[in-house]
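See structure below.
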Amino acid sequence: MSLSLSYLTIDISSVIKVPCAGIIQIHEVTSSSSSITTTTTTSSKLSSPLHRFKRFYIRKPKALKVVSSEYSCFEVKGVNYRPPGTQHNLLNDVNFSLHEKSLGLIFGRSGSGKTTLLQLLAGLSKPTSGSIYIQRYGEDGNPNQSPEDLPPERVGIVFQFPERYFLADTVLEEVTFGWPRQRGGIQLKEQLALGLQRAINSVGLNGISLDEDPHALSGGYKRRLALAIQLVQTPDLLILDEPLAGLDWKARADVVKLLKNLKKELTLLVVSHDLKELSSLVDQSWRMEMGGFLKKEPM
């Protein structure tokens, strides 16, 4: 069990009467057992005024955390998509399940339907048939609740080359551009303000002035800004379309490191051709074949 340290100053002369030398016994009871560990320290200067006060470390056990094996998955079942007015499906019987707080990767040839699938997940289009939902599972691995729809407001999406869609003149205005414009209560304002600070810190933009022109940022910082915009309201699912595209090697490494940290708290679904650089982060992967057929293919 991990233990935290707190400090306690003790006047030794008022507790233990010793002449010029003595033995101090410190008893420590661990929280994991009833055994007592005795540490014996010999001191030859206890009578000196300079050594009258000693600092002891009293270990206080943290409260035990109850670890639950219940979990959630984002489920896509039997999804087909045919654009209105056309005769051919862009997606055909797509099925996959993505565990919460993990990173899933979809790869495949251009034009196979990867981006179309991301748009369905983000709620920008609706499937012709099939379902997209959140399923919760119990400790036995079986569903313990009815499936929940995945509403668009719980999904964040960062498109390829997101900096092309920046509209504002400052970083702050860009991050808050999509916020509700109506008068909100103090609770909503506090929630958005806290979300803004958390998002800025989580993507490493805390060293950038919020008054800076977003178009003047480097490529790597533009990607960080695009992520921060989606993280303000902490989405359940964060989708990224080619997050490394167009970046130099340093910016690519920075984004990979950022994704590694983000997946500790969020569920990430990435579409990318950069398999080698992302392979260490991937928990599940699928190949999208031409015609919109998705097949599981481990890295």
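The values are calculated or read from the model by the stated rules, or taken from the named source; none is laboratory data. Since we're looking at a predicted model, the values are computed, not measured. Cβ coordinates were reconstructed from backbone atoms using ideal geometry, including for glycine residues, and neighbour counts include every protein chain displayed. Surface areas here come from the heavy atoms of the whole protein model, side chains and all, with no ligands, DNA or RNA. Shrake-Rupley method; radii C 1.70, N 1.55, O 1.52, S 1.80 Å.
Some observations on this one:
- Net +/- balance of residues flanking residue 118 in space, Cβ distance below 12 Å, scoring K and R +1, D and E -1: -1
- Accessible area of segment 220-272 belonging to carbon and sulfur atoms, whole % at 1.4 Å probe: 50
- Accessible area per residue for segment 108-179, computed on protein heavy atoms with a 1.4 Å probe, is 55 Å².
- Anchor residue 263: aspartates and glutamates whose Cα lies under 15 Å away (excluding residues fewer than 8 positions away in-chain): 100, 236, 254, 283
- Solvent-accessible area per residue in segment 214-283 equals 43 Å², computed with a 1.4 angstrom probe and all protein chains kept.
- Cross-link check: pairs 250/276; 101/295; 189/257 evaluated at a Cα-Cα cut-off of 24 Å; pairs beyond the cut-off: 189/257.
- Extended-chain gain in nm, criterion 0.36 nm per residue less alpha-carbon gap, residue 97 and residue 279: 63.7 nm
- Where a label projected 7 Å from the Cα of residue 88 along Cα→Cβ would reach, residues of segment 104-121 with amide N under 18 Å: 109-117
- Normalised by 2.2 N^0.38 Å, where N counts its residues, the alpha-carbon radius of gyration of segment 171-254 equals 1.15.
- For segment 77-235: rounded, prolate or oblate by the Cα gyration tensor [a/c cutoff 1.5]: prolate
- Cα-projected label distance for residue 168 with residue 210, points at 7 Å along beta-carbon direction, nm: 0.9
- Charge context of residue 145, other residues only, Cβ under 13 angstrom, K/R +1, D/E -1: -3
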